[in-house]
Every structure is written in C-alpha cells, then in structure tokens.
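This report concerns only the one structure given below.
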Amino acid sequence: MTDIFASLGIALRLVLEGDPEFVRIVALSISVSLASALLACAIGLPIGAAVAVSSFPGREGLIVLMNALLGLPSVVVGLVVYLLLSRAGPLGELGILFTPPAIVIAQMLLVIPMLAALSRQTVEDAWNEYREQLTSLNVRPWRAIPTLLLDTRVALFTVALAGLGRAFSEVGAVMIVGGNVDGVTRVMTTAIALKTAEGELPLALALGVVLLAIVVTLNAAAALLRQWSAPRHG
C-alpha cells in the first residue's frame, strides 16, 4: 500500500512539474486523436446522413452492417492497416508505418463506423419529422442533407465527442500500426500498457489520470449539450 501512495505522489509531481516525457506523450495523443476524429467526422457524418435520407435496395442490410461495425475489434483494424502500409502492401511506398499518420488512419477507420451509425439515426429522425415540409418545398432528399445536418448539429456534436473519446481510448490498433516507438508513436494508452508491464507505475498513473480526465470531460460535455438542447416545458 505504501508503494502505491508513493507512486501516486510521484505521478502527481510528474503532472504538476510537466515532465518532458509525460508532456510529449500527452501532446502526441491529443494531436493524433483530434486529427483522426476530425477526418472521421468529415467522412462518417455525410455517410450517415446520406443513408438516412436515401431509399435503395439493401438499405436495411447496410444499416445492420453499419450497426455491427460499432463492435469492430480494434486489433482487426490495426492488422488491416498494417498489411496495407507494410512494405509488401499496396501503400507500402508511402513509408508511414510506425509513424503518427499510421495511427491517425487506424483511429479514423475505427471512429468512422461509430459516427456513421449514430449520425444516420439522428438525421433519419429529423428527416422523418421534416420530410413532408421539405417535400412540399420541392427539396429533394440529397439537397436536404445540409439542412438536416445543421438542424441536428448539437446532437451530431455529441456524436463527434463520442468518436473523439473512442480515438483517445484506443490501444490495440495503435500498438500494431504505431509500434509504440519512444518519442515517435508512443501515445497515452500504449505508454500506460508498456510502463505498467515494466513496473514504472508513476508515469503510467500520471498518464492514466490525464486519460481518464479527458474521457470524463468529453462525456460530461456531451451530457451538458444534450441537457441544454432538450426541449423545455413550462
């Protein structure tokens, strides 16, 4: 028990004093997670909105697939990206395996299904509510997408926050395509796993506290947004 409290004390000092290794790992985690979440939003939200307003054969099957991909194992995504970016892979000439861009790609592919599935449901609810009005104005489904995205922006922002939280907490795919290289691709999740295995608990605890704080903050922000946007009666 004494060792645990001692490690906590050292971890707190690492955070307050801004230990260089600690700061470097946190900064890299924030940069790659933000980049992957933004790219995933640019791809996933339009996909979800397009499926929401469209009617085509196999649509229900596609929706089932989108929902199933919410449980996509991260190690499978990591393996696929690794094979694509390896020297023998079709994208091997890019030379970005075991670099931050590889991590961004892996995290983006994990977040896109989440954003697509959740935004599809959100936009579809809005489309069902305003369909008759938009149709009476001769607005076709595809042209209604920007309006629907704007109308559901608060709900979609909470979806984006959930995607960002997924990116921050990812470890399996990041470990495979990033290699956990010190000073290059070591992010909070992979550093926690490594430092815990090596018995360096202070740094692992410091990173764990920051990671937990980020995830809690994102969830709190999403909850506040939902509460703020909820209809008020009376």
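The values are calculated or read from the model by the stated rules, or taken from the named source; none is laboratory data. This is a predicted model, so every value here is computed, not measured. As a convention, Cβ positions derive from the backbone with ideal geometry for all residues, glycine included, and neighbour counts pool all protein chains shown. The accessibility values were calculated without ligands, DNA or RNA, using every heavy atom of the protein model including side chains. Shrake-Rupley method; radii C 1.70, N 1.55, O 1.52, S 1.80 Å.
Can you give the net charge of the other residues whose Cβ lies under 12 Å from the Cβ of Pro113, counting K and R as +1 and D and E as -1?
Once positives and negatives cancel, what remains is +2.
Just subtract the alpha-carbon distance of Val209 and Phe157 from 0.36 nm times their residue separation and send over the number in nm, one decimal.
The Val209-Phe157 span can extend by a further 16.2 nm.
Report P(r) for the range 43-150: all Cα-Cα distances, bin width 5 Å, range 0 to the bin holding the largest distance, values in whole percent.
Whole-percent P(r) values from 0 Å outward: 2, 12, 18, 16, 14, 12, 10, 8, 4, 3, 1, 0.
For the chain, with all protein chains present and a 1.4 Å probe, just round the carbon and sulfur fraction of the accessible area to a whole percent.
Looking at the chain in its full context, I get 68 percent from C and S.
Take the alpha carbon gyration tensor of the chain, find the square roots of its eigenvalues, order them as a ≥ b ≥ c, and report rounded if a/c is under 1.5; if not, report prolate when a/b exceeds b/c, else oblate.
oblate
Using the heavy atoms of the protein chains alone and a 1.4 angstrom probe, what is the accessible area of the range 149-191 per residue in square angstrom?
Dividing the accessible area of the range 149-191 by its residue count gives 34 Å².
Among Ile4, Thr217, Ala155, which residue has its Cα positioned farthest towards the positive end of the charge dipole of the chain, with +1 placed on the Cβ of Lys and Arg, -1 on the Cβ of Asp and Glu, and the dipole taken about the Cα centre?
With unit charges placed on the Cβ atoms, the residue in question is Ala155.
Where the only charges are on Cβ atoms (+1 Lys, Arg; -1 Asp, Glu), what is the dipole of the range 1-153 about its Cα centre, to the nearest 20 debye? Before the final figure, lay out each step's value.
Working: 9 positive and 11 negative charges, 83 e Å.
Its charge dipole is roughly 400 debye.
For the range 73-129, what is the accessible area per residue in Å² when the probe is 1.4 Å?
In whole numbers, the range 73-129 has 48 Å² accessible per residue.
How big is the dipole moment of the range 126-234 about its Cα centre under a simple scheme where the beta carbon of each Lys and Arg is +1, that of each Asp and Glu is -1, and everything else is neutral? Debye, nearest 20, please. Walk me through the numbers on the way to the answer.
Working: 9 positive and 7 negative charges, 90 e Å.
For this selection, approximately 440 debye.
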